[in-house]
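The values are calculated or read from the model by the stated rules, or taken from the named source; none is laboratory data. Since this is a predicted model, take the numbers as computed values, not measurements. Neighbour counts run over all protein chains shown; Cβ positions are idealised from the backbone, glycine included.
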Amino acid sequence: MTVDWQNGGFGIYIHWPFCAAKCPYCDFNSHVRKSVDQSRWLSAIRFELKNNAIRTQGRTVNTIFFGGGTPSLMEPETVAGIIKEISSLWELDSNLEITLEANPTSVEAQKFSDFNKAGITRVSMGIQSLRDNDLKALGRMHNVKEARKAFDIAKDNFERVSFDLIYARQGQSISDWKLELKEASSMAVDHLSLYQLTIEAGTRFGDLYERGNLKGMPNDGLAADMYDVTQELTLQHEMPAYEISNHSIKGAESQHNLIYWRYGDYIGVGPGAHGRITEGGNRIATTTTKHPEDWLRGVELQGTSTMDDEIISPDDQASEYLMMSLRLAEGVNMKRYEKICGIPLNNQLIDKNIENGLVEVVNNNLIATIRGKIILNTVIKNLLV
């Protein structure tokens, strides 16, 4: 079996599971707590980093990503302590990218300068909408004025700043979205993550939808048209999609997320964090205890909260690589797929999807078309039959 994680890189993901409030659309592993003992959490995260370092000796860290939850609720000293621990355990890439997800409330924006001093080089801001009524409907704790001010503060403190917007929202028309996206593109941003609102089971929106009480959601046709408009407008602003939902100017792509999509190795530390590491010639899926307090007690009492590892078969590795890399504009390297799996992709299935306008082959890379990206799960299923 080919060991090929170097083709994707090596990153470290830190999950901070706490939020000030739970958004009604969110199904991430996030929890509201009145207080958090950050020194205790720092000690546990450092301990788990040591555990993972033993399994990945000799590697160079390309990226670090603080996700959540809401990592900007961390104290800058906690962030600095984690980065310091990582630097003591691994070599760091000279172009190391360190991203922190942040909410644009005034309280959190006040810490941006200290986060910069702690070592953060890139911030990804959860702005989600540039319309106050929609921010309220989405359960966000900031308004548009605060978001714009926080964005300006971020631009003053970090090399790179991205922010998220959710579209295909309740009652939103194509003309509404066009105007909002143009406003976002004019804010001197170098990276945008643009997600359609999806209704997930177990969320407040999911419960409302099941009862028929979530009104104004766009139908599939309107949502697809909004996706097309998104591609057109971002391209006009020289921020093409390098991944289904992510757009950037050249050179501003999220290097950490590219590790996922290019099927590299990454460590996941924190409640519910998962990872993919190559060890002893095997590709291994790692998972961690999901509940925050259980995770913390597991590390303190048992020395780890990493659950049972799972060895991923070559066939499943190839499927994962296909699923991740078809999201990218660069697509799937078919030679690499064959090396991972041991057999090539089925040319007849590829040709059928080409005829249907869903994929194309460029320089031996299999690339999903815009039409194919809209129904990517179906395309992947068709290629793996």
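With respect to Val36, determine if the residue is in contact with a strand residue (DSSP E or B) (Cβ under 8 Å, 6 or more places away or on another chain), outside any loop (DSSP other than H, G, I, E, B) and hydrophobic (A, V, I, L, M, F, W, C).
Taking the combined requirement at face value, the residue does not satisfy it.
Here is a yes/no grid of residues against (1) buried (at least 18 other Cβ atoms within 10 Å of the Cβ); (2) farther than 30 Å from Glu210 by Cβ; (3) not β-branched (Val, Ile, Thr):
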| residue | (1), (2), (3) |
| --- | --- |
| Phe10 | yes, yes, yes |
| Lys50 | no, yes, yes |
| Ile64 | yes, yes, no |
| Glu91 | no, yes, yes |
| Glu101 | yes, no, yes |
| Asp114 | no, yes, yes |
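Can you give me the ranges of the helices (runs of 4 or more DSSP H) entirely in region 42-122 with at least 3 residues that are at pLDDT below 95 and either closer than 21 Å to Gly9 by Cβ or not β-branched (Val, Ile, Thr) (or both)?
106-109
Determine whether region 345-352 contains at least one residue that is touching a residue at least 40 places away in the same chain (Cβ under 8 Å), of a type in the set (Asp, Glu), closer than 23 Å to Lys381 by Cα and not in a loop (DSSP other than H, G, I, E, B).
No: region 345-352 contains no residue that is touching a residue at least 40 places away in the same chain (Cβ under 8 Å), of a type in the set (Asp, Glu), closer than 23 Å to Lys381 by Cα and not in a loop (DSSP other than H, G, I, E, B).
I want to confirm something. Restricting to region 129-149 and keeping residues that are out of contact with any strand residue (DSSP E or B) (no Cβ under 7 Å at 6 or more places or on another chain) and of a type in the set (A, V, I, L, M, F, W, C), which single residue is farthest from Met187 (Cα to Cα)?
Result: Ala137.
Out of everything in region 152-203 that is more than 24 Å from Ser30 (Cα to Cα) and of a type in the set (Lys, Arg), what residue ends up being surrounded by the most Cβ atoms within 10 Å (Cβ to Cβ)?
Of everything passing the filter in region 152-203, Arg160 is surrounded by the most Cβ atoms within 10 Å (Cβ to Cβ).
When region 308-342 is examined, which residues are found to be part of a loop (DSSP other than H, G, I, E, B), closer than 30 Å to Ile249 by Cα and of a type outside the set (Lys, Arg)?
Of everything in region 308-342, those that are part of a loop (DSSP other than H, G, I, E, B), closer than 30 Å to Ile249 by Cα and of a type outside the set (Lys, Arg) turn out to be Leu326, Ala329, Glu330, Gly331.
State whether one or more residues within region 357-379 are part of a helix (DSSP H, G or I), of a type in the set (Val, Ile, Thr), loosely packed, with under 15 Cβ neighbours inside 10 Å and not assigned by TED's automatic domain parsing to the domain that holds Tyr242.
Among the residues of region 357-379, at least one is part of a helix (DSSP H, G or I), of a type in the set (Val, Ile, Thr), loosely packed, with under 15 Cβ neighbours inside 10 Å and not assigned by TED's automatic domain parsing to the domain that holds Tyr242, which makes the answer yes.
Looking only at region 45-71, count every residue that is of a type in the set (A, V, I, L, M) and over 30 Å from Pro24 (Cα atoms) and tell me the total.
Matching residues across region 45-71 total 4.
List every residue pair whose Cβ atoms sit under 6 Å apart, with the two residues 6 or more apart in sequence or on different chains, where the first one lies in region 76-98 and is in contact (Cβ under 8 Å) with a residue 12 or more places away in the chain and the second, anywhere, is among the small types (Gly, Ala, Ser).
From residues that are in contact (Cβ under 8 Å) with a residue 12 or more places away in the chain, the pairs are Pro76/Ala118; Val79/Ala118; Ala80/Ala118; Ile83/Gly119; Leu89/Ala53; Ile98/Gly119.
Are any of the residues in region 226-243 buried (at least 17 other Cβ atoms within 10 Å of the Cβ) and within 24 Å of Thr70 (Cβ to Cβ)?
Checked region 226-243: at least one residue is buried (at least 17 other Cβ atoms within 10 Å of the Cβ) and within 24 Å of Thr70 (Cβ to Cβ).
Consider only pairs whose beta carbons are under 9 Å apart and that are at least six residues apart or on different chains; among these, list those whose first residue lies in region 256-271 and is in contact (Cβ under 8 Å) with a residue 60 or more places away in the chain and under 19 Å from Ile82 (Cα atoms) and whose second residue is among the aliphatic types (A, V, I, L, M) and assigned to a loop (DSSP other than H, G, I, E, B).
Note: pairs meeting the criteria are Ile267/Ala273.
Hey, can you tell me all the residues within region 322-344 that are in contact (Cβ under 8 Å) with a residue 40 or more places away in the chain and among the acidic types (Asp, Glu)?
Correct list: Glu330 only.
Which fully enclosed strands (runs of 3 or more DSSP E) of region 242-290 have 2 or more residues being over 30 Å from Val229 (Cβ atoms)?
265-269, 275-279, 282-286
So is Met239 touching a strand residue (DSSP E or B) at 6+ places or on another chain (Cβ under 6 Å), more than 30 Å from Asp309 (Cβ to Cβ) and in a loop (DSSP other than H, G, I, E, B) or not?
Judged against the criteria, Met239 is a match.
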